[in-house]
Amino acid sequence: MKHYSFLNLADANSPYICELQQAAMRVVNSGRYIGGEEVEAFERELSAAVSTDYAVGVGNGLDAMRLILRAYMEMGKLHEGDEVITSSNNYIAGILAVTDCRLKPVFVEPDLATLNLDPAKIEAAVSGRTRVIMPVHLYGRISPVPEKFAREFIVMEDCAQSIGARFCGHPCGSLGSAGAFSFYPTKNIGALGDAGAVTTNNGELAECVRALRNYGSLRQYHNIYRGVNSRMDPIQAAMLRVKLPHMDEENALRRANAQAYDEELDNPLIIKPQMPADPDEHVWHQYVVRIVGGHRDEFRDFMAKNGVETAVHYPTAVHHQPCYEEYSGLHLPVAEQLAGEVVSLPVSRCTKSGDARQIARIANRFMN
Ligand SMILES: *Cc1c(COP(=O)(O)O)cnc(C)c1O
C-alpha cells in the first residue's frame, strides 16, 4: 500500500539542499552570528517580495505580532485594555500576543464559506475601545478587512500561513498597517528553525520594532524601551534567502494540489473548501475539509488505514484552552463546530498532484 505522509520537512527542503548548505557555510565562515548583512539582505528581499517599505526580522511569528502591538503602545496609539477584533477560530498565537500586551481580544465568528473572520459581523463587535483589527489569513486565504474599518483602526495582518497570497494584486503583509510573518519550518516558506518578520510602510513603527527586538535599543548601551531579545538569526536569514525567491513556485505546487482535490473530491460527508474567485487569494498552507455528522475521527482512522496521514488545525477553539478560562463561557458556536469538523489533507510540495487525486479517491470511499 502506498503511504501518503502529511509533510516531511527533509523532503520539502531537498530541492534546495546544496544551496542551503552553501548558505549555512557562508554564515559559519563569516563570523557574524547575530544581525549583520545576511539579516539586512533578507529584510530587503522580503520587503520587495511583500511590496512594503520596511521588513524587520524577528525571532518568530508570535514575537512579530507581540512586537507590532508593543510598538503601537510605545508610540501612544494603543493602551492597556484596548480591544482587538479577531476571528474566533484563530490559532492561539495571535491571542497570546494580544493578552501578553494586556489588550483584550474580541472574537468574531468566521464565515463558513471562507473560514475567515466574517466582515459582516465586524460592525457589531466594534466598541469605544476598539483599536485594532487582526485578520488571520487562515490556511493561506486572504481575510479582507472592509475599507471602512481599515481607515478607522490599526489592521495587523497575521500572515504566518499566507506568504505570497495577494488581494486585488497586493501581497498580504502590505494590505493593513503591519504584517506579521512566521517562517516556522512547516510554513509555505520555512526556515530550518524559528524565524519571523514584521512588514509595514510605517517608518516609525518599523524603527520601534527594530529597537524592541533588540532590548529596546538602536544604539548600543542606550535603551529607549524595555525591549526583548527576539532577533532573526543570520543563519535562518541565509536559509530564507535561498527559499524566498521560490515563493510563487512553492505556492503554485500547493494550488495544483488544491485544484486536484477540488476536482476529485465527491463525498456528501466531506465539505470542500470554497475555491477563491481569484486563485492568487489563496496559497493553501492547509487544504482543510469539514467532515459532517460527527464522523471526523472515523474519517481520520479510515484515511490512516488506507495510508493517508491527515492533521487537524485546530482541535480546540482558543476560548476553550485551559489558559483562557476567562473566555470559556463565550458562546462561539461556529468556532466550536469547526474545531470538531476540520481535517487537513496533505497539500505541501511533498504531495504530487497525482497523489492528491489518489487521496481524494480514497476519501470518496469513506462510508460509501
Ligand atoms: C505558525 C503561526 C503563528 C506563529 O508562528 P511562530 O513562528 O510559530 O511563532 C502565528 N499565527 C498563525 C496563524 C500560525 O500558523
Condition first: buried (at least 17 other Cβ atoms within 10 Å of the Cβ), touching a strand residue (DSSP E or B) at 6+ places or on another chain (Cβ under 8 Å) and over 20 Å from P15 (Cβ atoms). Now tell me which residues in segment 229-247 satisfy that. S230, R231, M232
Evaluation of V27 against (1) within 17 Å of V209 (Cβ to Cβ); (2) of a type outside the set (D, E); (3) in a helix (DSSP H, G or I) (one fails), failing number: (1)
Output yes when any residue across segment 255-263 is part of a loop (DSSP other than H, G, I, E, B), under 24 Å from N8 (Cα atoms) and of a type in the set (K, R), and no when none is. no
Subset of segment 146-187, residues near the ligand (Cβ under 10 Å from one of its atoms) and part of a loop (DSSP other than H, G, I, E, B), comes to C159, A160, Q161, S162, F183, Y184, P185, T186, K187
Quick one: which of A48, A41, A24, A12 is under 30 Å from F302 (Cα atoms) and either hydrophobic (A, V, I, L, M, F, W, C) or in contact with a strand residue (DSSP E or B) (Cβ under 6 Å, 6 or more places away or on another chain) (or both)? A12
Only one of these conditions is not met by R70: (1) open to solvent by 10 Å² or more (accessible area, probe 1.4 Å); (2) in a loop (DSSP other than H, G, I, E, B); (3) more than 13 Å from the ligand (Cβ to nearest atom). Which number is it? (2)
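Would you call N267 in contact with a Pro (Cβ under 9 Å, 6 or more places away or on another chain), within 15 Å of R361 (Cβ to Cβ) and at pLDDT 95 or above? So that I can check it myself, show each step before the final result.
Numbers: in contact with a Pro (Cβ under 9 Å, 6 or more places away or on another chain): no; within 15 Å of R361 (Cβ to Cβ): yes; at pLDDT 95 or above: yes.
Considered against the rule, which asks whether it is in contact with a Pro (Cβ under 9 Å, 6 or more places away or on another chain), within 15 Å of R361 (Cβ to Cβ) and at pLDDT 95 or above, N267 comes out as no.
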So how many residues does segment 193-228 have that are in contact (Cβ under 8 Å) with a residue 60 or more places away in the chain, open to solvent by 70 Å² or more (accessible area, probe 1.4 Å) and away from the ligand (no atom under 13 Å from the Cβ)? 2
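Kindly indicate the residue of segment 112-155 that is among the basic types (K, R) and surrounded by fewer than 16 Cβ atoms within 10 Å (Cβ to Cβ) and also farthest from the chain's Cα centre (by Cα) among those meeting that condition.
Residues of segment 112-155 among the basic types (K, R): 121, 129, 131, 141, 148, 151.
Checking which are surrounded by fewer than 16 Cβ atoms within 10 Å (Cβ to Cβ) leaves us with 129, 148, 151.
Numbers: R129: 26, K148: 24, R151: 23 Å.
Here the answer is R129.
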Give just the number: which of (1) in contact with a strand residue (DSSP E or B) (Cβ under 9 Å, 6 or more places away or on another chain); (2) closer than 30 Å to M1 by Cα does G293 not satisfy? (1)
Can you tell me which residue in segment 274-286 is most open to solvent (accessible area, probe 1.4 Å), limited to those that are part of a loop (DSSP other than H, G, I, E, B), more than 16 Å from the ligand (Cβ to nearest atom) and within 21 Å of R349 (Cβ to Cβ)? M275
With S51, S47 as the choices, which residue is open to solvent by 30 Å² or more (accessible area, probe 1.4 Å) and among the polar types (S, T, N, Q)? S51
Which number in (1) open to solvent by 10 Å² or more (accessible area, probe 1.4 Å); (2) within 16 Å of the ligand (Cβ to nearest atom) marks the one condition that V106 misses? (2)
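The values are calculated or read from the model by the stated rules, or taken from the named source; none is laboratory data. If you're wondering where the values come from, they're calculated on a predicted model, not measured in any experiment. Don't worry about glycine lacking a Cβ; one is built from the backbone with ideal geometry, like all the others, and counts go over all protein chains shown. Calculation scope for accessible area: heavy atoms of the full protein, side chains included, ligands and nucleic acids excluded. Shrake-Rupley method; radii C 1.70, N 1.55, O 1.52, S 1.80 Å.
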